[in-house]
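Q: Let me begin by handing over the structure; questions about it come next.
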Amino acid sequence: MDDISKNLKFDSNGLIPVVTQDYKTNTVLMLAYMNKEAFEKTIETKKVHYWSRSRNKLWLKGETSGHFQHVKSMSIDCDNDALLIKVEQVEAACHTGNYSCFYRDIDSEGIKEANNSVSSLDKAAILQEVYNVIVDRRINPKEGSYTNYLFDKGIDKILKKVGEESAEVIIASKNKEVSEVRYEIADLFYHLFVLMVERDVKLDDIYDELKGRR
């Protein structure tokens, strides 16, 4: 594994750009970055790991949403400074709910959503889908699952993560970077869902509670 990573030309920040494609359709799903650790984790686990520049930490794609990217093939460009990874994408690759992050077209009139956009997906259904994945992990544990790791560690660990993610939302909000705030809120939602499943609170319970406050 070390011999493979030595062939890569990382930039001054220790990163290399990665283009990720659907292995069946060749749809470009996203552009992200890897450092040496992310590259080696990807090789080892066959699940794509990236390096988050905004959060400055290793990132397993799908660790909070269940939308993993299973590696089918990896290629390197002629200069050894960019990677192409073809994957089997679980559900959507983009945090917006679109299958690909490149769901908007540019023309002379400006930027507009492409016809293949899936942003019209029912928002409540997306929340329910994430919740259902967490329930399934509890019923059918999977080796290496971060969700199962939280359940195995118990309520104290889950509560600790809820507290940490809440703090990260606060920090991101102070930084006023909208994309970072959005990402951290999604992380908080996920950990709250884990807590809900642990305490047998359903999404319908929350909807009913909010409805009663109207």
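The values are calculated or read from the model by the stated rules, or taken from the named source; none is laboratory data. Source: prediction; values computed, not measured. All Cβ positions, glycine included, derive from the backbone under ideal geometry; neighbour counts span all protein chains shown.
Q: Would you pick out the residues in the stretch 124-162 that are surrounded by 12 or more Cβ atoms within 10 Å (Cβ to Cβ), out of contact with any helix residue (DSSP H, G or I) (no Cβ under 7 Å at 6 or more places or on another chain) and free of Cβ contacts under 8 Å to residues at least 24 places away in the same chain?
A: Passing the criteria: N132, D136, Y149, K153, K160.
Q: Another one. Identify, from the list K6, K86, K72, K61, the residue that is modelled with pLDDT under 90 and either touching a Phe, Trp or Tyr at 6+ places or on another chain (Cβ under 8 Å) or not hydrophobic (A, V, I, L, M, F, W, C) (or both).
A: Within the list K6, K86, K72, K61, the selection yields K6.
Q: Working carefully through the options K57, K36, find the one that is out of contact with any Gly (no Cβ under 9 Å at 6 or more places or on another chain) and either among the charged types (D, E, K, R) or not assigned by TED's automatic domain parsing to the domain that holds E180 (or both).
A: None of the other options fit; the residue is K57.
Q: Condition check: farther than 25 Å from Y33 by Cβ, in contact with an Asp or Glu (Cβ under 7 Å, 6 or more places away or on another chain) and among the β-branched types (V, I, T). Does I155 satisfy that?
A: Criteria met by I155.
Q: Residue by residue through the stretch 72-89, note down the ones that are surrounded by fewer than 18 Cβ atoms within 10 Å (Cβ to Cβ) and in contact with a helix residue (DSSP H, G or I) (Cβ under 9 Å, 6 or more places away or on another chain).
A: Answer for the stretch 72-89, where residues must be surrounded by fewer than 18 Cβ atoms within 10 Å (Cβ to Cβ) and in contact with a helix residue (DSSP H, G or I) (Cβ under 9 Å, 6 or more places away or on another chain): just M74.
Q: If you don't mind, there's one more thing I want to ask. Is at least one residue of the stretch 148-162 touching a Lys or Arg at 6+ places or on another chain (Cβ under 7 Å) and under 30 Å from N13 (Cβ atoms)?
A: For the stretch 148-162, residues touching a Lys or Arg at 6+ places or on another chain (Cβ under 7 Å) and under 30 Å from N13 (Cβ atoms): absent.
Q: Being polar (S, T, N, Q), out of contact with any Lys or Arg (no Cβ under 7 Å at 6 or more places or on another chain), more than 28 Å from Y149 (Cβ to Cβ) and buried (at least 16 other Cβ atoms within 10 Å of the Cβ) is the requirement here; does S65 meet it?
A: Against the criterion (polar (S, T, N, Q), out of contact with any Lys or Arg (no Cβ under 7 Å at 6 or more places or on another chain), more than 28 Å from Y149 (Cβ to Cβ) and buried (at least 16 other Cβ atoms within 10 Å of the Cβ)), S65 does not qualify.
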